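The values are calculated or read from the model by the stated rules, or taken from the named source; none is laboratory data. Quick caveat, the model's predicted, so the values are computed rather than measured. Cβ sites come from the backbone with ideal geometry, for glycine too, and all protein chains shown count toward neighbours. For the accessible areas, the whole protein counts, side chains as well, though only heavy atoms, and no ligand, DNA or RNA atoms are used. Shrake-Rupley method; radii C 1.70, N 1.55, O 1.52, S 1.80 Å.
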Amino acid sequence: MSRTVAFIGLGHMGGPMAANLAGAGHRVLGHDLVPALLEAAAGTGVEPAASAADAVATADVVISMLPAGRQVLGLYDDVLTAARPGTLFVDCSTIDVTDARTARERAAAAGMRALDAPVSGGVVGAEAGTLTFMAGGGETEFAEALPLLEVMGKKAVHCGGAGAGQAAKVCNNMILGISMIAVSEAFVLGESLGLTHQALYDVASTASGQCWALSVNCPVPGPVPASPANRDYRPGFAAALMAKDLGLAANALREGGIHAELGLRAAELYAAYAEQVGDTEDFSGIVRTIRDRTGEAA
């Protein structure tokens, strides 16, 4: 069934997600503060809206993909009065669990319904429509959003009540960040011991060291041709985004009093790395920082 969707935030992730919805036959009214992004989206079948309020006015579902919680809450403050009563708001941004729950409360107070549904899969997944969605909110809201999520992704998991999607996202990306550091350190250690990258990959990828950071996003060039390491670490998932996600995880760890040395240390390492490269390098490029520091310590 075709829906009218307002899509707010048409950047690296939101642009292709909105394009996939339009390509599937949904009417997509898009808005972004950057004119060039709005123009690019128009070329994919998205109808440009002059403002976020204009986009949501006739929408059945409002999807947002924004940088941080303050932008999401600001958007809701701006557009909740413009939407029709009962409109479903689906936020796909990665934000703090507390902000996600606050967004849901504000939507409910305005007579709307809300779902937090952050994603995993990066720009490549957004373009290919193979994202994984982690959703938090009511079962009815999840069921209503599911046909749209299935256009934009290959899997959608209902994780629980409001904020549960964001909770799953920060936990997942904490695993990913720690894993990438471990894999990168192993390759640098292997180099020092005379192992080729291919030999270490051939062993670890079929042994107990196997993980996504190794087999899909391998941090050294060669073993996995599609990994960013073979494109001078041009980002699929930028270092700045990993630093942001690990920062959210670190905040949650501290607030919960969780003893998690690796999670907190990973957040520190990626924060320092992102200060150097921002969003210009993939998060797997941290292997070069580890290698450089190894040389400095020698």
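Listed values, structure above:
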{"item": "Search result, residues across the range 259-273 that are buried (at least 17 other Cβ atoms within 10 Å of the Cβ) and either closer than 13 Å to I286 by Cβ or in contact with a Gly (Cβ under 9 Å, 6 or more places away or on another chain) (or both)", "result": "G263, A266, A267, L269, Y270, A271, Y273"}
{"item": "Near pairs, Cβ below 6 angstrom, 6+ apart or cross-chain, from the range 160-183 (within 15 Å of F283 (Cα to Cα)) to any residue that is in a helix (DSSP H, G or I) and open to solvent by 20 Å² or more (accessible area, probe 1.4 Å)", "result": "I178/L262"}
{"item": "Index of the failed condition, G295 passing every other in (1) loosely packed, with under 13 Cβ neighbours inside 10 Å; (2) of a type outside the set (K, R); (3) at pLDDT 95 or above", "result": "(3)"}
{"item": "Per-region count, the range 244-258, residues closer than 23 Å to E127 by Cβ and open to solvent by 50 Å² or more (accessible area, probe 1.4 Å)", "result": "1"}
{"item": "Among the candidates A6, A40, A49, A18, residue that is over 25 Å from T81 (Cα atoms), modelled with pLDDT of 95 or more and not β-branched (V, I, T)", "result": "A40"}
{"item": "From D232, D245, residue being of a type in the set (D, E, K, R) and farther than 22 Å from T130 by Cβ", "result": "D232"}
{"item": "Candidate set from the range 170-200 (those that are open to solvent by 70 Å² or more (accessible area, probe 1.4 Å) and not β-branched (V, I, T)); member that is nearest to D96 (Cα to Cα)", "result": "C171"}
{"item": "Residue in the range 205-225 that is polar (S, T, N, Q) and either open to solvent by less than 20 Å² (accessible area, probe 1.4 Å) or modelled with pLDDT under 95 (or both) present", "result": "yes"}
{"item": "Filter result for L241 (part of a helix (DSSP H, G or I), open to solvent by 20 Å² or more (accessible area, probe 1.4 Å) and at pLDDT below 95)", "result": "yes"}
{"item": "Condition met for F142 (more than 17 Å from G14 (Cα to Cα) and of a type in the set (F, W, Y))", "result": "yes"}
{"item": "Any hit, the range 223-233, residues being assigned to a loop (DSSP other than H, G, I, E, B) and of a type in the set (G, A, S)", "result": "yes"}
{"item": "Filter result for G236 (assigned to a loop (DSSP other than H, G, I, E, B), of a type in the set (G, A, S) and either within 25 Å of G11 (Cα to Cα) or open to solvent by 20 Å² or more (accessible area, probe 1.4 Å) (or both))", "result": "yes"}
{"item": "Residue selected from the range 245-298 under the condition in a loop (DSSP other than H, G, I, E, B) and under 21 Å from the mean Cα position of the chain (by Cα), by the criterion nearest to C92 (Cα to Cα)", "result": "D279"}
{"item": "Residue in the range 268-284 that is under 17 Å from F187 (Cβ atoms) and aliphatic (A, V, I, L, M) present", "result": "yes"}
{"item": "In the range 1-18, the residues that are closer than 18 Å to S120 by Cα and either of a type in the set (S, T, N, Q) or open to solvent by 10 Å² or more (accessible area, probe 1.4 Å) (or both)", "result": "G11, H12, M13, G15, P16"}
